[in-house]
Amino acid sequence: MATTPHTPDTATQEADPQRESAERLLRSGPAGADELGDQLRTAVAETASWMSEYGGFAPHPSLDVEADALEQATAELRARLRDNYPFFHPRYVGQMLKPPHPAAVIGYVTAMLNNPNNHALDGGPATARMEKEVVSQLAAMFGFDQHLGHLTSSGTIANLEALFVARQTHPDKAVAYSADAHYTHARMCHLLGLKGIAVPTTADGTMDLQRLEELLRSGGIGTVVATAGTTGLGAVDPVHEIVALCRRYGVRVHVDAAYGGFFRLIADDSSDGVAAAPFIAIAECDSVVIDPHKHGLQPYGCGAVLFNDPDVARHYLHDSPYTYFTSDELHLGEISLECSRAGAAAAALWLTLRLLPLTPDGLGAVLRPGRRAAMAWAEHIEASEQLNLYQRPQLDILSYYPTRDRLSEIDRASTHVLTRGMQLPSERSLFVATYTVDAAALAARGHHVQADLPHGRILRSVLMKPETEHYVSSLHQQVLGLLSETVDQ
Ligand SMILES: *Cc1c(COP(=O)(O)O)cnc(C)c1O
């Protein structure tokens with residue numbers, strides 16, 4: 001190997017392939033397809049090599065498939081999958097959807113080749129340990145001094161576990177959540193036989209603290225669920241005030257940060273960050289749920305629940321005659337309501353966080369552009385005659401509506417933008433979402449709209465991809481263009 005120092009302009013890349021590969025980036029999106037393909041090929045080859053250490057064996061012929069049949073079926077699959085929305089594209093600003101980071105795909109596929117089950121250490125020691133590591137990283141991000149937690153297959157299941165522990169802790173008391181909380185809370189309360197109470201929201205879509213205090217004073221509440229980023233509007237309940245209030249009444253606090261949890265990384269009150277106080281206060285709460293499959297760049301099947309008091313494990317303990325033979329350690333299956341779970345999900349998150357750690361400069365830098373995009377688009381909307389901001393974005397979710405006198409006209413124009421945008425040719429298409437509001441919610445925000453319908457749809461955009469930042473002006477123009485088609489209707 002040459003040791004002569006050389007400057008980049010004299011060095012030829014061919015002369016040093018190792019250096020070249022070291023400098024290649026794992027890119028997201030179509031530009032990264034080569035690197036992803038190479039990495040997956042390596043994963044398959046290395047896994048096969050590890051498998052061969054156990055000695056070769058003949059796979060059973062019942063599992064054989066014809067190469068032609070495989071080619072045909074996979075071609076059919078690829079063709080069928082074209083019937084999809086382009087979640088990956090910056091012009092997709094509809095629902096909370098985006099593809100995983102290639103690192104997550106590599107982590108998932110690599111681990112999945114052996115299919116570990118994170119129910120128990122016996123199901124896959126490597127991925128079970130990775131799960132403990134990533135859960136510790138999440139706990140550290142939230143500032144938990146100690147924790148008990150695990151990954152789940154979704155935010156819904158994670159919230160179910162938090163409410164299950166809430167019930168075990170306060171068996172005869174109700175759970176309060178805001179009227180804009182995720183519908184899971186009402187559903188899970190029903191499932192657990194708990195009384196669930198929806199606390200009204202104020203004009204910014206967050207929990208009304210006065211109404212909450214009235215409820216707390218009544219004495220029947222055992223747990224309050226604060227939402228750090230509502231699914232509809234991205235509204236962040238004032239967790240810091242809620243926790244202070246709840247402590248006075250001896251009430252538990254669970255934070256549903258399924259969507260907003262990773263904004264903790266940019267909760268710094270800066271011009272392109274989010275308000276710090278509610279996110280910092282999560283550290284003092286009893287439990288928190290976060291969805292790595294939303295803002296954590298993971299494929300679906302990755303939620304997480306964390307408890308501040310490791311002693312809640314006592315609520316889960318059970319004996320199983322067929323698992324747990326290798327260790328005295330608390331197994332993931334002993335602290336989780338679910339049984340089988342993909343070890344691959346833990347490997348995917350572990351690998352992603354190795355490359356994009358839970359720091360402001362790591363994953364935080366992935367969230368900041370979406371936050372900037374929401375604020376920039378909000379400014380465009382406020383400056384325009386044709387659109388109005390429904391409320392100021394607190395995270396990266398934007399709610400807005402066409403300027404019309406009547407709610408029925410707003411509904412019609414919003415629906416037009418939604419449906420016509422999707423029907424445009426692929427290279428010009430636009431994907432937004434709608435959000436249903438009622439007259440009272442509009443009036444509370446000071447919007448003067450004639451409520452000729454009980455409720456109607458406005459526009460909603462989730463700006464969760466960093467690339468969207470550079471599309472804000474053109475997205476705004478596109479919405480205006482689509483709206484202008486509705487003026488004479
Ligand atoms: C998405 C979401 C949930 C549900 O999580 P899933 O992973 O979809 O089951 C719960 N709460 C909030 C605030 C969410 O945004």
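Remarks
- With Cα atoms defining each centre, the stretch 417-461 and the stretch 185-231 are spaced 27 Å apart in the structure.
- Each label was represented as a point 7 Å from its Cα along the Cα-to-Cβ direction; for ASP452 and ARG406 these points are 0.1 nm apart.
- The calculated FRET efficiency for the pair THR359 and LEU26, based on their C-beta separation and a Förster distance of 22 Å, comes to about 0.75.
- Accessible surface of the stretch 125-355, 1.4 Å probe, proportion on carbon and sulfur as whole %: 52 percent
- Peptides 166-176, 230-240 ranked from most to least packed, by the mean per-residue count of other Cβ atoms within 10 Å: 230-240, 166-176.
- Extension gain from THR202 to SER218, taking 0.36 nm per residue of separation minus the Cα-Cα distance: 3.7 nm
- Per residue, in Å², the accessible surface of the stretch 125-355 once ligands and nucleic acids are set aside, probe 1.4 Å: 38 Å²
- The HIS60 and LEU81 beta-carbon pair, evaluated with R₀ = 30 Å, returns a calculated FRET efficiency of approximately 0.55.
- Karplus (6.51, -1.76, 1.60) ³J(HN,Hα), θ = phi - 60°, over the stretch 391-403, in Hz, Gly and Pro reported as x: 7, 5, x, 9, 10, 10, 10, 10, 10, 7, 8, x, 6
- Placing R0 at 41 angstrom, the Cβ-Cβ distance between SER384 and SER340 gives a FRET efficiency of 0.20 after rounding to 0.05.
- Normalised by the number of residues in the stretch 179-311, the mean separation of alpha-carbon contacts (under 8 Å, six or more apart) gives a relative contact order of 18 percent.
- Amide H to amide H, with H built 1.01 Å from N, VAL255 comes under 5 Å of ALA226, SER287, VAL288, VAL289, counting only residues 5 or more places away or on other chains.
- A simple spin-label model places the labels of ALA48 and ARG187 4.2 nm from each other, with each point 7 Å out along Cα-to-Cβ.
- Across the stretch 125-139, computed HN-Hα scalar couplings (Karplus, 6.51 cos²θ - 1.76 cosθ + 1.60, θ = phi - 60°) run x, 4, 6, 5, 5, 4, 4, 4, 5, 5, 5, 5, 5, 5, 4 Hz from first to last residue, x flagging Gly and Pro.
- Across the stretch 408-415, coupling constants 3J(HN,Hα) worked out from phi with the 6.51/-1.76/1.60 Karplus curve, θ = phi - 60°, read 4, 6, 4, 4, 5, 5, 5, 5 Hz, and Gly and Pro carry x.
- Summary value for the chain: 18 percent relative contact order, contacts being C-alpha pairs under 8 angstrom separated by 6+ residues.
- Share of carbon and sulfur in the accessible area of the stretch 364-484 stands at 49%, probe radius 1.4 Å.
- A cut-off of 5 Å between modelled amide H atoms, ignoring neighbours fewer than 5 places along the same chain, links THR231 with HIS182.
- Options ALA374, GLN450, ILE410, ranked by Cα towards positive dipole end of the stretch 364-484, top entry (Cβ charges): ALA374
- Packing, taken as the mean count of other beta carbons within 10 Å per residue, orders the peptides 223-229, 72-78, 152-158, 267-273 from highest to lowest as 223-229, 152-158, 267-273, 72-78.
- Ignoring lysines fewer than eight residues from LYS173 along the same chain, the ones with Cα atoms less than 20 angstrom from its Cα are LYS195.
- DSSP bridge orientation in the stretch 364-484 - percent antiparallel, rounded to nearest 5: 95 percent
- Pairwise label distance in nanometres, LEU424 with GLU485, each label 7 Å out on the Cα-Cβ vector: 0.9 nm
- Most tightly packed first, judged by the mean number of other beta-carbon atoms within 10 Å of their residues, the peptides 95-103, 455-463, 257-265 read 257-265, 455-463, 95-103.
The values are calculated or read from the model by the stated rules, or taken from the named source; none is laboratory data. All figures in this text were calculated on a predicted structure; none of them were measured in a lab. Cβ: placed from backbone, ideal geometry, glycine included. Neighbour counts: every protein chain shown. Side chains are part of the model used for accessible areas, which takes the heavy atoms of the whole protein and leaves out ligands, DNA and RNA. Shrake-Rupley method; radii C 1.70, N 1.55, O 1.52, S 1.80 Å.
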